[in-house]
Amino acid sequence: MTGKILLCAALVFAIFFFVPFLAYGTYAALTGLEPPDTVEPVVFMASVFLEKLGHTIAFVGIFYLARRALHDRWFWYAAAWWLMFVIAEAALAIRAEYSWPEAIAGMISETIYFPLAALVTRKFLGPAT
């Protein structure tokens, strides 16, 4: 089972890490959204990597521990995470930590990656026996 958990975590991490680049890139092309210039790109990418790694560990770990209850409720599991993150994006925009266009791009990416990650996690970590 350890191999399945690690493979699942690797796939979920890839989803969490790469989907936002596609969402932000598309949104930036349509709206002119610029990347953050307050921090060096290497530092920014390292922080995104660590953030997504933490999200992956929590997302896969919680699902694994509660897989008997969550297996058939994977969509609601994704919805709970989505709601939490969408509210957090709005809060960051209200506090002016970043702009509303950045928050909207984040909300779009979360709308894609949470259900996708939950579906992948469900497929790899079936119900406990």
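Every number in this text was worked out from the coordinates using simple rules, so none of it is lab data. A quick note: this is a predicted structure, and the numbers were derived from the prediction, not measured. Please note: Cβ atoms are built from the backbone with ideal geometry, for glycine as well, and neighbour counts cover all protein chains shown.
Can you list which of the GluC sites (Glu not before Pro) found in the range 75-129 are DSSP loop residues with at most 14 other C-beta atoms within 10 Å? Listed in order of number, the matching sites are 97.
Treating each Cα of the chain as one equal point scatterer and applying the Debye formula with no solvent, the log10 of I(q)/I(0) at q = 0.14, 0.16, 0.21 Å⁻¹ comes out as -0.64, -0.81, -1.23. Sparse packing (at most 16 other Cβ atoms within 10 Å of the Cβ) combined with a DSSP loop state is found for the following trypsin sites (Lys or Arg not before Pro) in the range 40-129: 95. Hey, in the GNM for the chain with a 10 angstrom Cα cutoff, which one of 69, 23, 14 fluctuates hardest? The residue with the greatest mean-square fluctuation here is 69.
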